[in-house]
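Report on the following structure.
The values are calculated or read from the model by the stated rules, or taken from the named source; none is laboratory data. Here the structure is a predicted model, which means the values were calculated and not measured. Positions of Cβ are backbone-derived with ideal geometry, glycine not excepted, and every protein chain shown enters the neighbour counts.
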Ligand code: TYM
């Protein structure tokens, strides 16, 4: 976040982001999102982090599994270093203004804009007619999450860039249509070595919670042996590591492992290569496995401990929701006033 970013908007800096409680948290979510959430919290900015349960049901979720995954994600947030006393942590459905503002944005965004969303095309697949209306309108609800909090900065992985651009378009169109300067035009924060962590089996595909192969990803619930095995079996090429980042060109798997190593070790890919350039993967992988285990195992252990007391997790989410409502409800009411809704009493 730079001074010029904040200078562009009259709104005070406020960070918002969210993750869907679907399947398990994987390394891509951790390095691309959660780790960055923690860094922004620790930088002292106001931070709001959501578990987007309403987004999750745009594709079918078993109710009990949704509840479990929502709590597990909350546990993952806290175990990774998010502190409910310093960041607002809540699940989306407990702050109804998000869904309500989402409706207003359904009436602002254009069909053509949403039709261009690559994530919808990927998720809906060939049978678009069978996709839920919610899956199509998904980015409008995401815009509502961000703008209901008047957030100015949104840390996300690269795959969310297009959705963030749509959010900016919605903010600008709303402000222009109604002749107001009400919604900030939020900045995506897509920074660091791990904005796009790739599959361990195929360096051209994104690491994803929904990939059918569990060997393609490291889950935050994996034990040390599993992490070590997945890294040992990760696809590579026969060449030794290059000594600079230019040498990673055309070597998707090598680049991915170097990026993961850099992000886990809080250094740049160039620094990793300065140390490991010329060495074979048989020397690099054991070091990477040890690093991943050292970084992830304490988080996994803390998640397991927190999941032993779901009442406490629910309490934390309830408290966060109260704070989230206190921010979003007045913004929704002002939006209704701008749009011309009557509010009696
Ligand atoms: P979701 O749940 O798919 O992913 C959560 C976050 O993890 C990042 N991410 C990755 N980063 C790097 N490499 C990867 N392989 C990788 N896989 C996932 C995503 O970019 C994201 O930051 N639409 C959002 C959730 C959302 C949201 C919001 C985000 C709803 N409302 C408001 C920001 C602000 C999503 O589906 O993320």
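Only one of (1) within 12 Å of the ligand (Cβ to nearest atom); (2) surrounded by fewer than 24 Cβ atoms within 10 Å (Cβ to Cβ); (3) modelled with pLDDT under 95 fails for residue 7. Which number is that?
Going through the list (1) within 12 Å of the ligand (Cβ to nearest atom); (2) surrounded by fewer than 24 Cβ atoms within 10 Å (Cβ to Cβ); (3) modelled with pLDDT under 95, residue 7 breaks only (1).
Suppose the filter is closer than 23 Å to residue 11 by Cα and surrounded by fewer than 18 Cβ atoms within 10 Å (Cβ to Cβ); does residue 187 pass it? Outline the logic, then answer.
On the way: closer than 23 Å to residue 11 by Cα: yes; surrounded by fewer than 18 Cβ atoms within 10 Å (Cβ to Cβ): no.
So residue 187 fails the test.
Could you name every one of the helices (runs of 4 or more DSSP H) located completely within region 1-103 that has at least 3 residues being within 19 Å of the chain's Cα centre (by Cα)? Please lay out each step first, then the result.
Values: elements: 3-7, 35-42, 53-56, 63-80.
Of the helices (runs of 4 or more DSSP H) lying wholly inside region 1-103, those with at least 3 residues that are within 19 Å of the chain's Cα centre (by Cα) span 35-42, 53-56, 63-80.
Restricting to region 31-49, what's the tally of residues that are near the ligand (Cβ under 8 Å from one of its atoms) and out of contact with any strand residue (DSSP E or B) (no Cβ under 8 Å at 6 or more places or on another chain)?
Result for region 31-49: 2.
Sort out which residues of region 201-221 are touching a strand residue (DSSP E or B) at 6+ places or on another chain (Cβ under 9 Å) and touching a residue at least 60 places away in the same chain (Cβ under 8 Å), and write them in order of number.
Answer for region 201-221, where residues must be touching a strand residue (DSSP E or B) at 6+ places or on another chain (Cβ under 9 Å) and touching a residue at least 60 places away in the same chain (Cβ under 8 Å): 206, 207, 208, 209, 217, 218, 219, 220.
Return yes when residue 153 is closer than 21 Å to residue 31 by Cα, more than 8 Å from the ligand (Cβ to nearest atom) and either surrounded by fewer than 18 Cβ atoms within 10 Å (Cβ to Cβ) or not assigned by TED's automatic domain parsing to the domain that holds residue 268 (or both) and no when it is not.
Values: closer than 21 Å to residue 31 by Cα: yes; more than 8 Å from the ligand (Cβ to nearest atom): yes; either surrounded by fewer than 18 Cβ atoms within 10 Å (Cβ to Cβ) or not assigned by TED's automatic domain parsing to the domain that holds residue 268 (or both): yes.
Yes; evaluated as a whole, the condition is true for this residue.
Give, as residue ranges, the helices (runs of 4 or more DSSP H) completely inside region 159-275 that count at least 3 residues that are in the same structural domain as residue 36 (by TED's automatic domain parsing) and within 16 Å of the ligand (Cβ to nearest atom). Let's see the steps before the verdict.
On the way: elements: 161-178, 224-232, 252-264.
Once the helices (runs of 4 or more DSSP H) in region 159-275 are filtered for at least 3 residues that are in the same structural domain as residue 36 (by TED's automatic domain parsing) and within 16 Å of the ligand (Cβ to nearest atom), what remains is 161-178.
Go through region 320-339 and give me each residue that's touching a strand residue (DSSP E or B) at 6+ places or on another chain (Cβ under 8 Å) and over 30 Å from residue 177 (Cβ atoms).
Step one: list which residues in region 320-339 are touching a strand residue (DSSP E or B) at 6+ places or on another chain (Cβ under 8 Å), which gives 320-321, 323-324, 327.
If the condition is that a residue be touching a strand residue (DSSP E or B) at 6+ places or on another chain (Cβ under 8 Å) and over 30 Å from residue 177 (Cβ atoms), then 320, 321, 323 are the ones that fit.
Of all residues in region 113-135, which are under 16 Å from residue 167 (Cβ atoms), assigned to a helix (DSSP H, G or I) and more than 12 Å from the ligand (Cβ to nearest atom)? Reasoning before the result, please.
Let us first name the residues in region 113-135 that are under 16 Å from residue 167 (Cβ atoms), namely 113-114, 116-120.
Remaining after also requiring assigned to a helix (DSSP H, G or I): 113-114, 118-120.
113, 114, 118 - these are the residues of region 113-135 that are under 16 Å from residue 167 (Cβ atoms), assigned to a helix (DSSP H, G or I) and more than 12 Å from the ligand (Cβ to nearest atom).
Which number in (1) out of contact with any helix residue (DSSP H, G or I) (no Cβ under 9 Å at 6 or more places or on another chain); (2) touching a residue at least 40 places away in the same chain (Cβ under 8 Å) marks the one condition that residue 126 misses?
In the conditions (1) out of contact with any helix residue (DSSP H, G or I) (no Cβ under 9 Å at 6 or more places or on another chain); (2) touching a residue at least 40 places away in the same chain (Cβ under 8 Å), residue 126 misses (2) alone.
If you check residue 197 against the conditions, is it in contact with a helix residue (DSSP H, G or I) (Cβ under 6 Å, 6 or more places away or on another chain) and crowded, with 18+ Cβ neighbours inside 10 Å? Break it down into steps so the answer makes sense when it comes.
Numbers: in contact with a helix residue (DSSP H, G or I) (Cβ under 6 Å, 6 or more places away or on another chain): yes; crowded, with 18+ Cβ neighbours inside 10 Å: yes.
So residue 197 fits the description; yes.
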